[in-house]
1. Given (1) in contact with a Ser or Thr (Cβ under 6 Å, 6 or more places away or on another chain); (2) at pLDDT below 90; (3) of a type outside the set (V, I, T), identify the lone condition not met by F121.
2. Starting from segment 174-190, keep only residues that are more than 17 Å from Q86 (Cα to Cα) and assigned to a helix (DSSP H, G or I), then list their pairs with residues that are open to solvent by less than 50 Å² (accessible area, probe 1.4 Å) and not hydroxyl-bearing (S, T, Y) whose Cβ atoms are within a distance under 6 Å, requiring at least 6 positions of separation or different chains.
3. Being within 18 Å of the chain's Cα centre (by Cα), within 25 Å of I50 (Cα to Cα) and assigned to a helix (DSSP H, G or I) narrows it down to one of R200, R143, so name that one.
4. Are any residues in segment 152-166 open to solvent by 10 Å² or more (accessible area, probe 1.4 Å) and of a type outside the set (A, V, I, L, M, F, W, C), and if so, which ones?
5. Tell me which of these E184 doesn't satisfy, since it passes every other one: (1) open to solvent by 60 Å² or more (accessible area, probe 1.4 Å); (2) at pLDDT 95 or above.
6. Of all residues in segment 46-60, which are under 19 Å from the mean Cα position of the chain (by Cα) and open to solvent by 30 Å² or more (accessible area, probe 1.4 Å)?
7. Just one of R115, R82 is open to solvent by 60 Å² or more (accessible area, probe 1.4 Å) and more than 28 Å from V139 (Cβ to Cβ); which is it?
8. For residues in segment 167-181 being among the aromatic types (F, W, Y) and either open to solvent by 10 Å² or more (accessible area, probe 1.4 Å) or at pLDDT 95 or above (or both), which is farthest from L95 (Cα to Cα)?
Amino acid sequence: MNIVKKLFAVATLALGLVSVQTAFAQEAPDVLIKRISQEVLDAAKGDKEIQSGNQKRILDLVEAKVLPHVDFQRMTALAAGRFWRQATPEQQKQLTDEFRALLVYTYSGAIAQIRDQKLEFKPFRADPSDTEVEVRSQVLQPRGGDPIQLNYRLEKTPAGWKIFDMNVLGAWLVETYKGNFASEISKGGIEGLIKTLAERNKRLATGTAKGVKSAS
């Protein structure tokens, strides 16, 4: 899972701090990503509690501001692949909930690592009729480090554009998890995957609780 942690450490830079509002429901996908990118950078750099690793503050921020822009059900279905159709509706819900929780913890850990990075966006190419698009950017590292590729796939929904996949250094997040999911399912089925994710989230929650206690 190390590659997944690296993906999120960079991808979190471009996820947002503004809840979905009616005024932004039809906001263009590239405009949406640019706006929330700058806002998450500004908040992470300007909040001393986040910089010091206050996990409760970071978790609250992720829950309230980042998650509304992500389609977790579609992301989970894509990661599960053909096994998604084999799962019962209850299993699909449990799997989505556990995957969502895992991503929340991963986002939270990455936000605390933001320092002096900047984002540069590439020209956006899409037709007005497109319902799925890709927004491309790169992360500029401090002290002249090599830029890191960071792209997003978004879908148009009644509530506005939603992120359903991310690409860092040529690796799509869904494909990365797809291999992990398939491996777990081959060993213990859908229930085995749900159990594995739940156990991992329990460990992460314990670590978060300790972090909150030490910061208080």
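1. (2)
2. From segment 174-190, the pairs are V174/A79; V174/D165; T176/V4; Y177/A79.
3. The unique qualifying residue is R200.
4. Listed by number, the residues that qualify are R153, E155, K156, T157, P158, K162.
5. (1)
6. Q55, K56, R57, L59, D60
7. On the way: R115 fails: more than 28 Å from V139 (Cβ to Cβ).
Result of the check over R115, R82: R82.
8. Here is the first cut: in segment 167-181, the residues among the aromatic types (F, W, Y) are 172, 177, 181.
From the residues that got through so far, the ones that are either open to solvent by 10 Å² or more (accessible area, probe 1.4 Å) or at pLDDT 95 or above (or both) too are 172, 181.
Details: W172: 20, F181: 10 Å.
Filtering segment 167-181 for residues that are among the aromatic types (F, W, Y) and either open to solvent by 10 Å² or more (accessible area, probe 1.4 Å) or at pLDDT 95 or above (or both), the one farthest from L95 (Cα to Cα) comes out as W172.
The values are calculated or read from the model by the stated rules, or taken from the named source; none is laboratory data. Just so we're clear, the structure is a prediction, and the values are computed from it rather than from any experiment. Positions of Cβ are backbone-derived with ideal geometry, glycine not excepted, and every protein chain shown enters the neighbour counts. Surface accessibility is based on the protein's heavy atoms, side chains included, excluding ligands, DNA and RNA. Shrake-Rupley method; radii C 1.70, N 1.55, O 1.52, S 1.80 Å.
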